[in-house]
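Engineer: Sharing a structure below in structure tokens format, with a few things to ask.
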Amino acid sequence: MDVVLLPLVNGLTQAAVLFMIAAGLTLIYGVLHVINFAHGSFVMLGSYLTMFFFVGKFETVTGLFLFIFVSSIIIALIGWAMEVFVLRKMYKADEFYMVLATYAILLMIEGGVEKYWGSSPLSLPLPASLNTTISILGISVPLFSILICVIGLAVMFLLWYMMNHTNLGKIIRAAAADQTMTNSLGVNVPALFTVVFIIGIFLAAFAGGLLAPTVALLPNMGVNIVIQAFVVVVVGGLGNINGALIAAVLIGVLDSFLGFYVPVLTGITFYIVMAIILMIRPQGLLGKA
Amino acid sequence: MRKTKLLLIFIFLLFFVAPFVMNNAFTFRLSGLLILILFAASFQFIARTAGMFSLGHAAFYGIGAYTSALLIQKGYSIFLAILLAGVTAFIISQIIGYLCLKSTGIYFAMLTLSLAQVVYLIIYRTSALGGQDGIPGILAKPLNIFGWELDISRPENYYFVILFTVILSIAILYYLTNSSLGHFLRSIRENSVRTSSLGIHVKRYQMVAFGISGFFGGVAGSLLSPLEGIITPETLAWTQSALPLIIVLIGGINSFWGPVVGAFTFEIFHLITLNSGAANMYLGIILLVTVLVFPSGVIGVSKQLTSLIKKSMRSKNTGKAEELKGVG
């Protein structure tokens with residue numbers, strides 16, 4: 001049983017984090033049409049900032065979740081500045097310039113973190129009460145993994161509720177479908193862009209905070225994360241949150257299982273799944289043709 | 001046009017005499033710069049001429065570097081190693097191109113990025129290729145030119161191999177860009193549907209363009225391994241794929257000479273920020289300012305400046321003429 005359950009839990013944990021990152025990325029693409037290369041850097045910044053507040057100061061469970069939240073808010077504010085001072089000036093430019101602008105921001109954040117925290121790996125130890133395992137079907141599973149899965153589910157539910165049952169969600173969907181029309185109906189589209197960008201960055205930073213206790217913190221960790229998130233977004237169909245969810249679970253679990261049985265394939269599964277799916281459906285699983 | 005030719009000959013002469021006048025450390029840097037120019041030029045061929053934004057160009061660069069490293073270790077001569085490295089990169093480019101050319105635009109960019117990442121991970125995990133540590137101790141065999149031996153394991157002599165290869169490659173790329181192939185590719189970039197309705201096999205031309213670009217990307221990489229003496233998987237990391245993009249943008253995306261000017265500018269910035277401890281941060285700031293303020297790059301800005309100066313000179317002259325008239 002443990003040869004099935006352990007990779008499954010690992011895969012779902014990976015999927016939960018990936019979904020949070022990819023959901024923001026795909027939301028931003030769907031509404032703003034921006035391929036945000038800096039997205040992974042905000043994840044990385046979320047990890048570092050949580051570590052900065054937490055380690056040696058408030059090493060309790062409450063402290064951990066409080067600072068994941070506080071860091072995410074601070075980073076969302078940085079995202080706000082980025083949208084207002086950089087992206088807003090470029091919406092009419094070629095997609096290629098947008099890629100470069102967000103890549104420039106990736107470099108700035110990575111360089112800044114390296115200058116401040118150095119380039120050697122740092123870690124955030126889990127508080128003792130979280131650093132245990134619980135028994136499911138006689139197999140001990142790390143408690144924190146289960147917690148990440150639960151939080152992932154909660155975020156998924158909140159996003160679904162926001163998109164389908166609130167005014168904001170309706171406006172976001174309308175803007176994603178037709179910007180000009182939404183604008184002429186009296187919606188302040190530029191303000192909406194800012195709101196969507198802030199939500200996306202908040203999700204990325206939040207995922208980064210959750211990720212922090214499970215990985216070694218390195219300034220260049222965002223780079224790998226953003227590619228994986230892109231794979232999820234593209235496989236799911238650009239701009240589609242439900243697609244991102246399906247893709248995150250599919251890819252996360254497949255990667256975990258294959259990596260468990262054929263360790264040399266860890267990380268490669270991502271791209272193989274992507275290549276196969278895109279060859280069959282070039283627009284992604286739930287993307288529009 | 002004659003002025004441009006004279007300028008090119010002058011620049012070539014500068015490159016040629018540089019190792020005789022400057023010290024070896026400078027020659028080594030210049031070698032790296034020449035490789036960077038070719039890498040960026042090979043990227044620009046698909047990006048500008050064919051309008052295909054590949055984000056996985058480091059795969060070809062790295063495959064070229066690994067191929068030449070292996071061949072040189074086996075005792076092959078340098079030019080054969082360079083040629084075969086180009087051919088290997090060409091073959092891989094045809095596989096990647098076949099998989100990616102089903103999609104367009106940003107999907108194409110993401111697919112090339114991912115497949116390049118697959119190549120990176122495969123090389124990273126192949127112990128026969130040294131895995132994470134790469135292949136060290138790559139020493140090129142002395143070059144035999146009509147009985148005269150040149151010890152190209154020394155960087156100051158190897159420089160001439162690089163100079164020759166890069167100039168030949170750029171000349172070929174220049175010729176191809178302005179050939180009928182280049183015109184077909186530009187028309188595909190502008191409107192692929194209309195071009196295909198003219199009876200042109202769009203995908204075949206795109207594959208050819210991707211192959212040419214891959215070939216010269218491989219050639220650029222193949223030059224790198226004997227220069228550095230060691231090759232690691234980092235040559236294929238995806239940040240490396242962003243390098244030609246940055247260089248071409250800084251130089252000027254709309255000019256054939258963008259890669260050359262861009263590589264120079266990039267290298268100067270790189271030298272200035274090298275010891276700051278956060279080179280990436282400054283590179284990011286430079287890139288952001290370029291994108292926001294000078295999207296046409298150094299060449300675009302200098303063109304604007306010269307036309308501005310010319311205009312002001314002209315208005316000055318006419319001003320004088322009017323003054324003279326007034327006196328008369």
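The values are calculated or read from the model by the stated rules, or taken from the named source; none is laboratory data. Owing to the predicted nature of the structure, the values given are computational and were not obtained by experimental measurement. Ideal geometry is used to build each Cβ from the backbone, glycine not excepted, and the neighbour counts take in all protein chains shown. We work out accessible area using only protein heavy atoms, side chains counted, and drop any ligands, DNA or RNA first. Shrake-Rupley method; radii C 1.70, N 1.55, O 1.52, S 1.80 Å.
Engineer: Those residues that are open to solvent by less than 10 Å² (accessible area, probe 1.4 Å) and either modelled with pLDDT under 85 or more than 11 Å from chain A (Cβ to nearest Cβ) (or both), I need them from segment B:84-102; list them, please.
Structural biologist: B:A85, B:G86, B:A89, B:S93, B:G97
Engineer: Mind checking whether some residue in segment A:219-239 is assigned to a helix (DSSP H, G or I), open to solvent by 30 Å² or more (accessible area, probe 1.4 Å), at pLDDT below 90 and more than 14 Å from chain B (Cβ to nearest Cβ)? Walk me through how you get there before you give the answer.
Structural biologist: In the first step, residues of segment A:219-239 are kept if they are assigned to a helix (DSSP H, G or I); the result is A:221-236.
Of the ones still in play, those that are also open to solvent by 30 Å² or more (accessible area, probe 1.4 Å) are A:224, A:228.
Right, trim to at pLDDT below 90 and you get A:224, A:228.
Next cut, more than 14 Å from chain B (Cβ to nearest Cβ) only: none.
Looking through segment A:219-239, none of the residues is assigned to a helix (DSSP H, G or I), open to solvent by 30 Å² or more (accessible area, probe 1.4 Å), at pLDDT below 90 and more than 14 Å from chain B (Cβ to nearest Cβ).
Engineer: Among the residues of segment B:269-277, is there at least one that is of a type in the set (G, A, S) and either buried (at least 20 other Cβ atoms within 10 Å of the Cβ) or within 18 Å of the chain's Cα centre (by Cα) (or both)?
Structural biologist: First, the residues of segment B:269-277 that are of a type in the set (G, A, S): B:276-277.
In the following step, the residues that additionally are either buried (at least 20 other Cβ atoms within 10 Å of the Cβ) or within 18 Å of the chain's Cα centre (by Cα) (or both) were identified as none.
No: zero hits.
Engineer: Can you tell which of B:F90, B:F28, B:F108 is in contact with a Phe, Trp or Tyr (Cβ under 6 Å, 6 or more places away or on another chain), in contact (Cβ under 8 Å) with a residue 40 or more places away in the chain, part of a helix (DSSP H, G or I) and among the hydrophobic types (A, V, I, L, M, F, W, C)? Outline the logic, then answer.
Structural biologist: Details: B:F28 fails: in contact with a Phe, Trp or Tyr (Cβ under 6 Å, 6 or more places away or on another chain); B:F108 fails: in contact with a Phe, Trp or Tyr (Cβ under 6 Å, 6 or more places away or on another chain).
Selected residue: B:F90, the only one of B:F90, B:F28, B:F108 that is in contact with a Phe, Trp or Tyr (Cβ under 6 Å, 6 or more places away or on another chain), in contact (Cβ under 8 Å) with a residue 40 or more places away in the chain, part of a helix (DSSP H, G or I) and among the hydrophobic types (A, V, I, L, M, F, W, C).
Engineer: Select, from A:Y271, A:Y261, the only residue that is of a type outside the set (D, E) and away from chain B (no Cβ under 14 Å).
Structural biologist: A:Y261
Engineer: Tell me, which residue of segment A:136-153 that is part of a helix (DSSP H, G or I) and of a type in the set (V, I, T) is nearest to the other protein chains (Cβ to nearest Cβ)? Break it down stepwise before answering.
Structural biologist: Here is the first cut: in segment A:136-153, the ones part of a helix (DSSP H, G or I) are A:143-153.
Next cut, of a type in the set (V, I, T) only: A:146, A:148, A:150-151.
On the way: A:I146: 30, A:I148: 25, A:V150: 30, A:I151: 28 Å.
In this case the residue turns out to be A:I148.
Conditions tested, residue by residue: (1) small (G, A, S); (2) closer than 23 Å to A:V231 by Cβ.
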{"site": "A:M51", "(1), (2)": "no, no"}
{"site": "A:F67", "(1), (2)": "no, no"}
{"site": "A:M98", "(1), (2)": "no, yes"}
{"site": "A:A101", "(1), (2)": "yes, yes"}
{"site": "A:W117", "(1), (2)": "no, no"}
{"site": "A:S120", "(1), (2)": "yes, no"}
{"site": "A:S123", "(1), (2)": "yes, no"}
{"site": "A:S135", "(1), (2)": "yes, no"}
{"site": "A:F144", "(1), (2)": "no, no"}
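Engineer: Being open to solvent by less than 30 Å² (accessible area, probe 1.4 Å) and under 30 Å from A:K115 (Cα atoms) is the requirement here; does A:G209 meet it?
Structural biologist: Details: open to solvent by less than 30 Å² (accessible area, probe 1.4 Å): yes; under 30 Å from A:K115 (Cα atoms): yes.
Taking the combined requirement at face value, the residue satisfies it.
Engineer: Which of the following residues is more than 21 Å from the chain's Cα centre (by Cα) and open to solvent by less than 50 Å² (accessible area, probe 1.4 Å): A:G259, A:G284?
Structural biologist: On the way: A:G284 fails: more than 21 Å from the chain's Cα centre (by Cα).
That would be A:G259, the only listed residue that is more than 21 Å from the chain's Cα centre (by Cα) and open to solvent by less than 50 Å² (accessible area, probe 1.4 Å).
Engineer: Collect the residues in segment B:23-52 that are surrounded by fewer than 24 Cβ atoms within 10 Å (Cβ to Cβ), of a type in the set (A, V, I, L, M, F, W, C) and out of contact with any Leu (no Cβ under 8 Å at 6 or more places or on another chain), keeping them in residue-number order.
Structural biologist: The answer is B:A25, B:F26, B:L30, B:L33.
Engineer: Return the pair list, or none, for Cβ contacts closer than 7 Å from residues in segment B:191-203 that are over 11 Å from B:T104 (Cβ atoms) to residues that are surrounded by 14 or more Cβ atoms within 10 Å (Cβ to Cβ) and hydroxyl-bearing (S, T, Y), at least 6 apart or on different chains.
Structural biologist: B:T195/B:S187
Quick grid of which residues meet (1) surrounded by fewer than 18 Cβ atoms within 10 Å (Cβ to Cβ); (2) under 17 Å from the mean Cα position of the chain (by Cα); (3) not in a helix (DSSP H, G or I):
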| site | (1), (2), (3) |
| --- | --- |
| A:I134 | yes, no, yes |
| A:V155 | no, yes, no |
| A:A175 | no, no, no |
| A:L192 | no, no, no |
| A:I201 | no, yes, no |
| A:A204 | no, yes, no |
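Engineer: Taking into account only those residues within segment A:122-140 that are in contact with a strand residue (DSSP E or B) (Cβ under 6 Å, 6 or more places away or on another chain) and within 16 Å of A:T214 (Cβ to Cβ), which is modelled with the lowest pLDDT?
Structural biologist: A:T133
Engineer: For segment B:53-76, what are the residues that are in contact with a strand residue (DSSP E or B) (Cβ under 9 Å, 6 or more places away or on another chain), surrounded by fewer than 24 Cβ atoms within 10 Å (Cβ to Cβ) and either of a type in the set (S, T, N, Q) or free of Cβ contacts under 8 Å to residues at least 24 places away in the same chain (or both)?
Structural biologist: The initial filter retains those residues of segment B:53-76 that are in contact with a strand residue (DSSP E or B) (Cβ under 9 Å, 6 or more places away or on another chain), namely B:62, B:65-66, B:68-70, B:73.
Of the ones still in play, those that are also surrounded by fewer than 24 Cβ atoms within 10 Å (Cβ to Cβ) are B:70, B:73.
Answer for segment B:53-76, where residues must be in contact with a strand residue (DSSP E or B) (Cβ under 9 Å, 6 or more places away or on another chain), surrounded by fewer than 24 Cβ atoms within 10 Å (Cβ to Cβ) and either of a type in the set (S, T, N, Q) or free of Cβ contacts under 8 Å to residues at least 24 places away in the same chain (or both): just B:Q73.
Engineer: Tell me whether segment B:207-230 contains one or more residues that are at positive phi, open to solvent by 30 Å² or more (accessible area, probe 1.4 Å) and of a type in the set (G, A, S).
Structural biologist: We begin by selecting, within segment B:207-230, every residue at positive phi; these are B:229.
Now restrict to residues that are open to solvent by 30 Å² or more (accessible area, probe 1.4 Å): none.
No - not one qualifying residue is present in segment B:207-230.
Engineer: Next question, about the same structure. With respect to A:N242, determine if the residue is farther than 23 Å from B:T126 by Cβ and open to solvent by 10 Å² or more (accessible area, probe 1.4 Å).
Structural biologist: Values: farther than 23 Å from B:T126 by Cβ: yes; open to solvent by 10 Å² or more (accessible area, probe 1.4 Å): yes.
Yes; evaluated as a whole, the condition is true for this residue.
Engineer: Taking only pairs six or more apart or across chains, which ones have beta-carbon atoms under 6 Å, a first residue in segment B:9-23 that is closer than 13 Å to B:L34 by Cα and aliphatic (A, V, I, L, M), and a second residue that is outside any helix (DSSP H, G or I) and open to solvent by 90 Å² or more (accessible area, probe 1.4 Å)?
Structural biologist: Correct list of pairs: empty, since none qualify.
Engineer: Name the residue that is nearest to the other protein chains (Cβ to nearest Cβ), counting only residues in segment B:104-131 that are hydroxyl-bearing (S, T, Y) and open to solvent by 10 Å² or more (accessible area, probe 1.4 Å).
Structural biologist: As a first pass, look at segment B:104-131 and keep what is hydroxyl-bearing (S, T, Y): B:104, B:107, B:112, B:114, B:120, B:124, B:126-127.
If we keep only those that are open to solvent by 10 Å² or more (accessible area, probe 1.4 Å) as well, we get B:104, B:107, B:120, B:124, B:126-127.
On the way: B:T104: 8, B:Y107: 6, B:Y120: 10, B:Y124: 9, B:T126: 9, B:S127: 10 Å.
Among those residues, the one meeting the criterion is B:Y107.
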